[in-house]
1. Looking only at segment 40-61, which residues are more than 12 Å from Ala25 (Cα to Cα) and either in contact with a helix residue (DSSP H, G or I) (Cβ under 7 Å, 6 or more places away or on another chain) or hydroxyl-bearing (Ser, Thr, Tyr) (or both)?
2. Say we look at segment 103-137 and pick out the residues that are buried (at least 23 other Cβ atoms within 10 Å of the Cβ) and touching a Gly at 6+ places or on another chain (Cβ under 8 Å); which of these is nearest to Met248 (Cα to Cα)?
3. Are there any pairs, at least 6 apart or on different chains, whose C-beta atoms fall under 7 Å, with the first in segment 62-79 and among the polar types (S, T, N, Q) and the second at pLDDT 95 or above, and if so, which?
4. Does Phe98 satisfy the criteria of being more than 13 Å from the chain's Cα centre (by Cα), on the phi < 0 side of the Ramachandran plot and of a type in the set (Phe, Trp, Tyr)?
5. Here's a check for you: in segment 184-202, which residue that is over 19 Å from Val137 (Cα atoms) and hydrophobic (A, V, I, L, M, F, W, C) is surrounded by the fewest Cβ atoms within 10 Å (Cβ to Cβ)?
6. Is there a residue in segment 82-99 that is closer than 22 Å to Ala18 by Cα, touching a strand residue (DSSP E or B) at 6+ places or on another chain (Cβ under 7 Å) and surrounded by fewer than 17 Cβ atoms within 10 Å (Cβ to Cβ)?
7. For segment 119-145, how many residues meet the condition of being part of a helix (DSSP H, G or I), touching a helix residue (DSSP H, G or I) at 6+ places or on another chain (Cβ under 7 Å) and free of Cβ contacts under 8 Å to residues at least 24 places away in the same chain?
8. In this structure, does Leu24 turn out to be crowded, with 17+ Cβ neighbours inside 10 Å, out of contact with any Gly (no Cβ under 9 Å at 6 or more places or on another chain), closer than 22 Å to Gly142 by Cβ and in contact (Cβ under 8 Å) with a residue 24 or more places away in the chain?
Amino acid sequence: MSENRTAIVTGGASGIGAATAKELAARGYRIAVFDRNGKGGKQVVAALPHVEGGAHFAFEVDVADEPTLVETFAMAVAYLGQLDALVTSAGVADMTPFMDLDAATFRSVYDDNVVGTFLSIREAARHMAPGARICTVASVAGLRGGGLSGTAAYAASKGAVLALTKNAARALAERGIAVNTVAPGATMTPMIEDAWKNEAHRKRVEAMSAMNRTGAPEEIARAIAFLVSPEASYVTGTTLVADGGLVMY
C-alpha cells in the first residue's frame, strides 16, 4: 500500500459517518463517501481538507442494493487507486413499539443495518490488500437489547452487526484484513434528534451513563479512526464500546 491511505465511509453524508470522513481526511486519508443522500454526501466531501495525492469523492448509493453497490465499490476503488479502510456507518433507526412492529418494518431495518453492512464488507474485501482494515458501526442497543431509544428491530439489527463483525474477522484474517466494530452509546446525530426533543427521555438516557451526557459524533469518529489505523495492527474481532460508561461489563 502507498503512503497515502484511502477509505470508503458508508453513510458518510451525516452523523457519525460525516464526522468519520472529516477525521480520516484530517489524518491524510483520501475519502469516498457512500450515501443515499447524494447531495449531502457531496457537501461533506466539498468540506473535507485537501489531501496530497488526489481528490475525495461522493457516490449516491443504497448499501442494501447489491448490484448497484457492487458497481459503486468498483468505481470508487478505481478513482481512489486502492482501498485501505472501510467504515460502515450507513444505517437507520426505528422506534416502533414492540407490539406495533410488523415484519415489513423489521425486514427493512435489517436490510439497511445488517445486509448493507455485510455487502459493504464483502465488496471492500474484494479490493483490499493485506494490512487493510474494516470498522463496522454497531450500538450499545445490540449489547443490551435496546431500552434507550431504538426498539426491537434496531436492537436486533445491531446485535447482528456485532456477530457479523466477528465472523468477518475470522473469514478475512487469511487475507490479512482486520475487522472490528465500534458500539456507540447515545450520540448527537440526526438519528436521535427527534427523540432528544423529549427532555425527560434525554435526561433518563444520559443518566444511565457514568459521564451523564450525550456523546458527540467526533468522539465516535476518533475511536473509529484508531480501529482502521495501522496502530491497531493486532486488533481484530473486537468491539470498542464508546458510550460514556453506559454499558460496563
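The values are calculated or read from the model by the stated rules, or taken from the named source; none is laboratory data. Remember, predicted model here, so these are calculated numbers, not experimental data. Virtual Cβ from ideal backbone geometry, glycine too; neighbours counted across all protein chains shown.
1. Ala58, Phe59, Glu60, Val61
2. Val137
3. These pairs meet every condition: Thr68/Val61; Thr68/Asp62; Thr72/Phe34; Thr72/Phe59; Thr72/Val61.
4. yes
5. First, the residues of segment 184-202 that are over 19 Å from Val137 (Cα atoms): 194-202.
Checking which are hydrophobic (A, V, I, L, M, F, W, C) leaves us with 195-196, 200.
On the way: Ala195: 16, Trp196: 17, Ala200: 7.
Taking the candidates together, the pick is Ala200.
6. yes
7. Here the count works out to 1.
8. Numbers: crowded, with 17+ Cβ neighbours inside 10 Å: yes; out of contact with any Gly (no Cβ under 9 Å at 6 or more places or on another chain): yes; closer than 22 Å to Gly142 by Cβ: no; in contact (Cβ under 8 Å) with a residue 24 or more places away in the chain: yes.
When the stated conditions are applied, Leu24 does not pass them.
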